[in-house]
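Contents: one structure, followed by commentary.
Throughout, read-outs are computed from the coordinates displayed, never taken from laboratory work. Since this is a predicted model, take the numbers as computed values, not measurements. With ideal geometry, Cβ positions are generated from the backbone for all residues, glycine too; neighbour counts draw on all protein chains shown.
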Amino acid sequence: MPRIIRLNQVLANQIAAGEVIERPASVVKELIENSLDARANRVEISIENGGSALIQVRDNGTGIHPDDLLLAFDRHATSKIAETNDLERITTLGFRGEALASMSSVSRMSLTSAMSGHNAFQVNVDGTSTLSQVTPAAHPVGTTVEVRDLFFNTPARRKFLRSEKTEFDHVDELVKRMALSAFSVDFTLKHQQKLIRHYRPARTEIEQSQRVASLCGEAFVENAVFFETEACELKIAGWLGLPTFSRAQADLQYFFVNGRMVRDRTISHAIRTAFHDVMYGSRHPAFVLFFTIAPDQVDVNVHPAKYEVRFRESRLVHDFIRRSIQDTLASLHVNQQGVVGELSDRVGIPDTVKISSHTIPPKMQQTLPLHVNEKMSVYRALQQEIPNTQSDIAPMIHEIPPLGFALAQLKNIYILAENSEGLVLVDMHAAHERVLYEQLKQQWADANIIAQPLLIPLTIVFSEREVDCLLSQTDTFLKCGMQIERLAQDRIVIRSVPAILREGELEQLMRDVVSDFMMHEKSSRIEETIHHFLGTLACHAAVHARKRLSIPEMNTLLRAMENTNNSGHCNHGRPTTKQFTFAELDRFFLRGR
């Protein structure tokens, strides 16, 4: 082996650039973050040839002191931290002091800046360690950085750049994310000297919704609900797409931690878990969410490009995000325009109104079905008729309820109802399925989980580390009705399980559970499996298409929907209702023209 040597500054900076500067969009990200840290409220980005020829970022921030211009290009030179304690409570987007040094080592770069009360000065660097002298320049308060000929001196890196269009699309998406993270900042984006985007400052709630609509599409805002939750010095707010607006790809998911766009496994798992029983497994939710946490409770110094974070109390963060989203979805009921909204209690419908005339069979309340051949009897017991009278609830209705009153059935599949807004169309099977599912979940929770001893205990082989992880969660398993013990260093034995899971794929379930525990310090697989089974029961028990209902039966179903969590969609994520307003109907039939 050769002797150990100290790398020269240029090579060291180019190696660092390999971690930070992946493509032109990476340069734009670092420069915009510097602008935002400098408290700029206007940022102008100009791109040529997708960024390979020119990247210019101009801001009206505080600027750089003339004496610090040369120092700004040194590695690990920054104004944002000064001591070790600062690293534990970072409040800025940048903090390492690597960006300018890395960029200048793989491009021809110039920086012009002016502070209030000082003249403007400029410095240039051409991919070497030699910087030009600081020279006077004409520039208002703020900073302009020009990066030309990116990767001109590292051909191996330059050949990995994609087409001009592809690289500009990455820049466009990056500016979109930054515009979402900083509503009060005016952003403009030009390509080949042509204005492509202009995001004006958004200070009011309406303006912020308009910016989100311009960035994510009007359809997203129309099918999303804005919510805000705060507890335990944690806060989450933003736009949550309805389950009925799910996506085939995870292409409309923006999550910001203290204003920083991140991709985090804990967060992703929490959101996926919150949506687990209101969306198809292969679909992805859409959201623009902002999470606020004390700076000393999150470590942003994890990834070179600062895309990842690490939380001190990851379980607390996970539970807070999951519960906030779950509660938001659960508190939203069917309202109008096919969108959900919070219902008031003014309708006067008592909580005891049931869609069915029978309760869940005693056997199911105690253990739920224990054997496959018992499932059909449970299904038959759940094929309950909807009561033929609503005389007990009609006198209590003083105003038109959100879903109105039934008019008729369409092909014995859809319920047609009239409310104060117009015509409501309801898929009766999907609606009844959700009502039954929520009732089953509540009855399962109220009855507590009953453990069923296994006639032949199940032994499963794991790694020693996985067994240690599982045994550290013994209390969690006991709450779920599962008794596990260690047989050897590399294996466990399961002696009892929840009755509802007796015939499930226990070994695969446990392997999924331990994978979750190892990665996220917790798992919801058991609860999800139970809920999946209850959803199957509800689907089989719900009134089926082609079943004729009377007007009172239809109204009873509508009232039950209004008092059921997540009633805007069935257990599989399909919508249950659609509103057609009088205005829409009038426009279609050209009334008033």
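Judged by the gyration tensor of its Cα atoms, with axes a ≥ b ≥ c, the chain is oblate; a/c meets the 1.5 cut and b/c is at least as large as a/b. Phi-derived couplings, Karplus 6.51 cos²θ - 1.76 cosθ + 1.60 at θ = phi - 60°, listed residue by residue for region 559-575: 5, 5, 4, 5, 10, 10, 5, 6, 6, x, 7, 7, 5, 9, x, 7, x Hz, with x used for Gly and Pro. In the chain, helices alone account for a calculated mean residue ellipticity at 222 nm of -10000 deg cm²/dmol, with every DSSP H run of four or more residues adding -39,500 (n - 2.57). The peptide list 245-254, 131-140, put in order of mean Cβ contacts within 10 Å with the highest first, becomes 245-254, 131-140.
Angle of helix 372-382 to the longest C-alpha principal axis of the chain, folded into 0 to 90 degrees and rounded to 10: 70°.
Computed from Cα positions, the angle between helix 9-20 and the longest principal axis of the chain comes to roughly 20 degrees.
The H on the amide N of residue 569, modeled in the peptide plane, is under 5 Å from the matching H of 576, each at least 5 residues off or on a different chain. If a spin label sat at a point 7 angstrom from the Cα of residue 294 along the line to its beta carbon, the backbone N atoms of region 209-253 nearer than 18 Å would be those of 230-236. Partner aspartates and glutamates whose Cα lies under 14 Å from the Cα of residue 411, excluding those fewer than 8 positions away in the same chain, are identified as 427.
Under 5 Å between amide hydrogens, built in the peptide plane, is the criterion, and for residue 454 it picks out 496, 497 among residues at least 5 positions away or on other chains. Of all aspartates and glutamates in the structure, the ones whose alpha carbon falls short of 18 Å from that of residue 235, not counting any fewer than 8 places away in one chain, are 205, 264, 296, 299, 313, 319, 327.
Applying a threshold of 18 Å to the alpha-carbon distances of 80/306; 441/547; 165/194 flags 441/547 as lying beyond it.
Among 115, 428, 554, the order by Cβ neighbours within 10 angstrom, fewest to most, reads 115, 554, 428. Sequentially through region 471-482, phi angles give Karplus couplings (6.51, -1.76, 1.60; θ = phi - 60°) of 5, 6, 10, 4, 4, 4, 5, 4, 4, 8, x, 10 Hz, Gly and Pro residues having no value and appearing as x. Taking a ≥ b ≥ c as the square roots of the eigenvalues of the Cα gyration tensor, region 9-199 is rounded, since a/c falls below 1.5.
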